[in-house]
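The values are calculated or read from the model by the stated rules, or taken from the named source; none is laboratory data. Bear in mind the structure is a predicted one, so any value in this text is a computation, not a measurement. Note that each Cβ is placed from the backbone with ideal geometry, even for glycine, and that neighbours are counted across all protein chains shown.
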Amino acid sequence: MENSHKVRMSGESVNQVNPQTAEKLRELEEVHELERGHGWISSLVQRMDELEAPIVRRVASISRRLSLLNFSVLVNRLANGWMYLIVGVLLITLKGWHSARPAAASLVSVALCLILYTIIKPRLARRRPCDVDSALSCPEKPLDRYSFPSGHCMMAVAVAIPIGWAFPSVIPAVTLFVVIIGWARLTLAHHYPSDLIIGCIIGAGISLGVSAFFFDLLRFWPRFLSI
């Protein structure tokens, strides 16, 4: 009876805290549960956090000193989705039907990346630098809770490679596109460098395979869509 009373009192005290504190407590409980289930993974992630946190702090500090924070926020918001609409409109305007194949390859690549992303991210559950390091602020709220891998970099590469494959002259532009997105994510303390690197590798691996299929292996293609 006494133990039941203590449990009931504990539950009541948790319910009395404000919603923000309750949400933080739930997040910590989920993290601890994941750590118990993936001991060696959590140890590796913790070690990586310690090694990479100074890099994030350095990049964030430099960007703030150069007054580039607002630009980073703008890039981040555009990279949430709007930027790809702009890229699509530009492709259609400049290339017409010749943009159909790279556009299709990009869409398939992004879809496959999203599937893998939703599997990997919650399983590894790496917390974002801005949530771990009290020295880092978070001027722009991330779309989700976890950091590894970078979905923004994954999607950017998944779109950039088919376009660069179809139109080699734009490779410098799409490379700069990916670099700016990665830099903005690092500046806002949403990611560690390894998040960006692995995100790019996954996006590249998927989009290279899809592009090879669409541009080299796919023989049956309507003539008016050929490039």
Task: L78 of a type outside the set (G, A, S) and either modelled with pLDDT under 85 or touching a Ser or Thr at 6+ places or on another chain (Cβ under 8 Å) (or both) - done: no
Open item on the list: Being within 24 Å of W183 (Cα to Cα), part of a helix (DSSP H, G or I) and within 13 Å of the chain's Cα centre (by Cα) is the requirement here; does M155 meet it?
Closed with: yes
Task: Any hit, the stretch 12-20, residues being modelled with pLDDT under 80, surrounded by 10 or more Cβ atoms within 10 Å (Cβ to Cβ) and either touching a helix residue (DSSP H, G or I) at 6+ places or on another chain (Cβ under 8 Å) or part of a helix (DSSP H, G or I) (or both) - done: yes
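Being of a type outside the set (A, V, I, L, M), under 21 Å from I201 (Cα atoms) and in contact with a Pro (Cβ under 7 Å, 6 or more places away or on another chain) narrows it down to one residue among P149, P162, P168; which is it?
Working: P149 fails: in contact with a Pro (Cβ under 7 Å, 6 or more places away or on another chain); P168 fails: in contact with a Pro (Cβ under 7 Å, 6 or more places away or on another chain).
Just one listed residue meets the conditions, P162.
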Task: Sole residue being surrounded by 18 or more Cβ atoms within 10 Å (Cβ to Cβ) and under 16 Å from the mean Cα position of the chain (by Cα), chosen from F167, F214, F177 - done: F177
- [ ] Select from the stretch 130-164 the residues that are hydroxyl-bearing (S, T, Y) and crowded, with 24+ Cβ neighbours inside 10 Å and write down the one among them that is nearest to Q46 (Cα to Cα).
- [x] S147
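Against the condition of a type in the set (G, A, S), in a helix (DSSP H, G or I) and surrounded by fewer than 21 Cβ atoms within 10 Å (Cβ to Cβ), how does A100 come out, does it pass? Please lay out each step first, then the result.
Details: of a type in the set (G, A, S): yes; in a helix (DSSP H, G or I): yes; surrounded by fewer than 21 Cβ atoms within 10 Å (Cβ to Cβ): yes.
Against the criterion (of a type in the set (G, A, S), in a helix (DSSP H, G or I) and surrounded by fewer than 21 Cβ atoms within 10 Å (Cβ to Cβ)), A100 qualifies.
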Open item on the list: Is it the case, given these coordinates, that E29 is among the acidic types (D, E), at pLDDT 55 or above and either surrounded by 10 or more Cβ atoms within 10 Å (Cβ to Cβ) or in a helix (DSSP H, G or I) (or both)?
Closed with: yes
Open item on the list: Among the residues of the stretch 82-90, are any without any contact (Cβ under 8 Å) to a residue 60 or more places away in the chain and assigned to a loop (DSSP other than H, G, I, E, B)?
Closed with: no
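Filter the stretch 180-211 down to the residues that are surrounded by fewer than 21 Cβ atoms within 10 Å (Cβ to Cβ) and β-branched (V, I, T) and list them by number. Show your work before the answer.
As a first pass, look at the stretch 180-211 and keep what is surrounded by fewer than 21 Cβ atoms within 10 Å (Cβ to Cβ): 180, 183, 193-194, 197-198, 201, 204-205, 208-209.
The answer is I180, I197, I198, I201.
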- [ ] Would you check which residues across the stretch 81-121 are aliphatic (A, V, I, L, M) and either closer than 18 Å to V210 by Cα or in contact with a strand residue (DSSP E or B) (Cβ under 9 Å, 6 or more places away or on another chain) (or both) and list them?
- [x] A100, A103, A104, A105, L107, V108, V110, A111, L112, L114, I115, L116
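Can you find, within the stretch 111-129, the residue that is farthest from the chain's Cα centre (by Cα) among those that are part of a helix (DSSP H, G or I) and crowded, with 21+ Cβ neighbours inside 10 Å? If you could, list the steps in order and put the result at the bottom.
Of the residues in the stretch 111-129, the ones part of a helix (DSSP H, G or I) are 111-124, 129.
Within this subset, residues satisfying the condition of being crowded, with 21+ Cβ neighbours inside 10 Å are 113, 129.
Working: C113: 11, P129: 13 Å.
Only one residue tops the list, namely P129.
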